[in-house]
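Trainee: First, the structure itself, so that you have it in front of you.
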Amino acid sequence: MNEAGLAWEGMGEYVRVVHRTISIPEAVRAELVGVPETATIAVGLSGGVDSTMTATLLHAAGYRVVGLMMSIWDGSIPLSESVTGGCFGPGEVHERAKVEVLCRQLEIPLHVVPLSDRYRDEVLDYVRSEYRAGRTPNPCVRCNYRMKLGHLLASARESGIQFDLFATGHYARRRWDPERRRYRLFRAVDRMKDQSYFLSNLRSTQLASLVLPLGSVTKSDVKRWAEEIGLGAFARQRESQDFLDGRDYSVLFDPSEARPGPIVDLTGRVLGEHRGLMYYTVGQRKGLGIGGAGEPWYVVRIEPELNRLVVGRRSDATRRWLRATSANWVAWERPPSSKFRAACQIRQRHEPAPATVYVDGGDSFRVEFDEPQFAIAPGQVAVLYEGDEVLGAGIIEGSYDLARHVPVEAP
């Protein structure tokens with residue numbers, strides 16, 4: 001057993017020998033085209049198999065690798081010490097120990113960057129404020145562009161750490177477009193593990209400094225390679241699902257903030273009482289505590305100003321239109337047309353749906369789906385795709401159904 005508390009098969013001298021002779025798969029080399037051989041690449045390490053293999057493959061390919069790890073846990077949230085999943089929580093100590101062992105075996109420097117204050121301001125306070133406003137935030141999208149490719153890199157450079165590029169274990173691809181003079185973002189080859197949705201808010205300058213070695217390989221390949229070079233313990237460990245690893249976001253709030261209030265139908269008829277609006281999201285069915293009268297109820301709308309939850313049938317929670325703000329255009333500086341076709345994805349587990357996009361003045365756009373979509377939640381991210389390419393993204397502000405409400409600005 002080592003200080004990380006795990007039995008690492010093949011670590012030690014075996015890894016120090018094998019990692020220099022590992023054959024770099026052609027699919028990985030394809031993601032390194034254009035990366036100078038003399039580049040120093042900082043790798044964001046988390047203790048998971050993806051970032052572990054990203055660092056190992058880049059080092060084996062001959063690059064000078066520097067490990068960076070965010071330290072964001074400050075003990076301010078009441079989470080069990082036994083919990084090790086998720087990127088935020090007391091398990092950070094456990095993950096850091098694993099990363100330290102890895103970096104010693106690869107003989108690369110590791111820098112742990114203290115960012116708990118920034119994380120609280122940029123992610124935790126954002127999540128709290130969004131739920132208080134009756135919205136459903138996406139902390140992973142925000143963390144990627146504000147923390148990992150924002151404060152982490154800025155703080156590392158300010159402390160004197162020198163590197164040319166930054167690599168992560170995300171499953172997505174970027175490609176240089178000489179005509180547009182910018183990097184473009186694409187889905188990963190492994191569609192089941194694709195994380196382009198979570199990178200959709202990256203700015204052009206951030207994409208330019210990013211390296212994604214795993215974009216053209218599968219998760220099963222990554223795990224197999226880890227086993228083959230003696231890093232099988234990384235491959236077999238349980239994967240976290242999100243920043244709280246599926247735990248109820250209500251742990252971010254003081255219990256006194258959970259104010260009960262009425263659950264009403266679309267006519268205003270009171271059906272029951274909710275436990276506090278932070279427990280609910282648009283489209284939610286379970287946990288409402290009201291009878292379905294033969295047909296289940298779904299959350300249709302959250303009204304924080306009245307502290308009430310509005311429910312309806314599933315058809316009442318479907319919409320043909322959405323409006324998004326804080327638009328980030330990934331494929332262009334500005335869209336080439338004020339109206340274009342795209343597929344719009346409204347949450348991570350949603351299949352992108354065909355739609356027409358209307359670009360408004362400023363930083364907003366509207367989406368008209370060919371078919372109404374279920375549970376379009378304000379606060380979530382709407383990502384626009386053309387095939388595998390990410391065209392742009394925005395934060396959902398509202399949704400409409402032309403049968404009930406025509407947006408003022410609708411064509």
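Trainee: Using Cα pairs under 8 angstrom and six or more residues apart, how large is the relative contact order of the chain, in percent?
Mentor: Working: 844 pairs, mean separation 63.3, N = 411.
In percent, rounded to a whole number, it is 15.
Trainee: Under a Cβ-only charge scheme (Lys and Arg +1, Asp and Glu -1), can you give me the dipole magnitude of the chain about the Cα centre, in debye to the nearest 20?
Mentor: Values: 52 positive and 52 negative charges, 129 e Å.
The dipole of the chain has a size of about 620 debye.
Trainee: What is the fewest-to-most order of Glu37, Glu179, Glu100, Glu397 by other Cβ atoms lying within 10 Å of their Cβ?
Mentor: Details: Glu37 9, Glu179 5, Glu100 19, Glu397 16.
Fewest-to-most ranking of Glu37, Glu179, Glu100, Glu397: Glu179, Glu37, Glu397, Glu100.
Trainee: Right, another one. Under a point spin-label approximation (7 Å from Cα along Cα-to-Cβ), what is the Arg181-Ile77 distance to one decimal in nm?
Mentor: 4.2 nm
Trainee: What percent of all Cα-Cα pairs in segment 285-352 falls into each 5 Å bin, going from 0 up to the bin containing the maximum distance?
Mentor: 3, 11, 16, 19, 16, 12, 10, 8, 4, 2, 0
Trainee: Only counting other Cβ atoms within 10 Å, I'd like Asp254, Asp190, Asp125 sorted with the fewest neighbours first.
Mentor: On the way: Asp254 8, Asp190 18, Asp125 12.
Least to most surrounded, the residues fall as Asp254, Asp125, Asp190.
Trainee: Using bins 5 angstrom wide from zero, how does P(r) for segment 94-168 break down, in % of all Cα pairs?
Mentor: In whole percents, the pair-distance histogram is 3, 13, 19, 19, 19, 12, 7, 4, 2, 0.
Trainee: Report the full-extension gain for the segment Ile22 to Ala353: residue separation times 0.36 nm, less the Cα-Cα distance, to one decimal in nm.
Mentor: Working: separation 331, 0.36 × 331 = 119.16 nm, distance 4.13 nm.
This chain segment gains 115.0 nm when fully extended.
Trainee: Two decimals, Cα atoms only, Kirkwood Rh: what is Rg/Rh over segment 258-312?
Mentor: 0.91
Trainee: Taking the number of other C-beta atoms within 10 Å as the exposure measure, put Met69, Met192 in order starting with the fewest. Before the final figure, lay out each step's value.
Mentor: Numbers: Met69 23, Met192 9.
So the ranking, lowest neighbour count to highest, is Met192, Met69.
Trainee: Now for a different question. Glu333 to Glu257: extension gain in nm, 0.36 nm per residue of separation minus the Cα-Cα distance?
Mentor: Numbers: separation 76, 0.36 × 76 = 27.36 nm, distance 4.19 nm.
Length gained, Glu333 through Glu257: 23.2 nm.
Trainee: I've got another one for you. Given R₀ = 56 Å, FRET efficiency for Asp125-Glu228 by Cβ-Cβ distance, to 0.05?
Mentor: Working: r = 43 Å, r/R0 = 0.77.
Working from the Cβ atoms, E equals 0.80.
Trainee: Radius of gyration and Dmax for segment 28-158's Cα atoms, expressed in Å?
Mentor: Considering segment 28-158 through its Cα atoms, Rg and Dmax are 16.2, 49 Å.
Trainee: Check cross-link reach from Lys98 to the lysines: straight Cα distance under 22 Å, and skip same-chain residues fewer than eight apart.
Mentor: Lys148, Lys219, Lys223
Trainee: If you wrap a convex hull around the Cα atoms of segment 13-236, how much volume per residue is inside, in Å³? Before the final figure, lay out each step's value.
Mentor: Details: hull volume 30.0 nm³, N = 224.
Measuring per residue, one finds 134 Å³ for the Cα hull of segment 13-236.
Trainee: Enumerate the lysines that Lys339 could reach by cross-link, defined here as Cα to Cα under 22 Å, with residues fewer than 8 away along the same chain left out.
Mentor: Straight-line reach from Lys339, under 22 Å: no lysines qualify.
Trainee: How large is the direction-averaged shadow of the alpha-carbon convex hull of segment 126-234, in nm²? Don't skip to the end; give the middle numbers.
Mentor: Values: hull surface 39.0 nm².
That works out to 9.8 nm².
Trainee: Can you find, among Thr52, Ala342, Leu288, the residue farthest towards the positive end of the dipole of the chain? Put +1 on the C-beta of Lys and Arg, -1 on that of Asp and Glu.
Mentor: After comparing all options, I get Ala342.
Trainee: Using the 2.2 N^0.38 Å rule of thumb for compact globular proteins, work out how segment 316-400 stacks up: its C-alpha Rg over that value, please. Spell out each step's value before the answer.
Mentor: Working: Rg = 11.4 Å, N = 85, 2.2 N^0.38 = 11.9 Å.
So the Cα radius of gyration is 0.95 times the expected 2.2 N^0.38 Å.
Rule-based calculations on the coordinates, nothing more; no lab input. It should be emphasised that the depicted structure is a prediction, and the values quoted were computed from it without experimental measurement. As a convention, Cβ positions derive from the backbone with ideal geometry for all residues, glycine included, and neighbour counts pool all protein chains shown.
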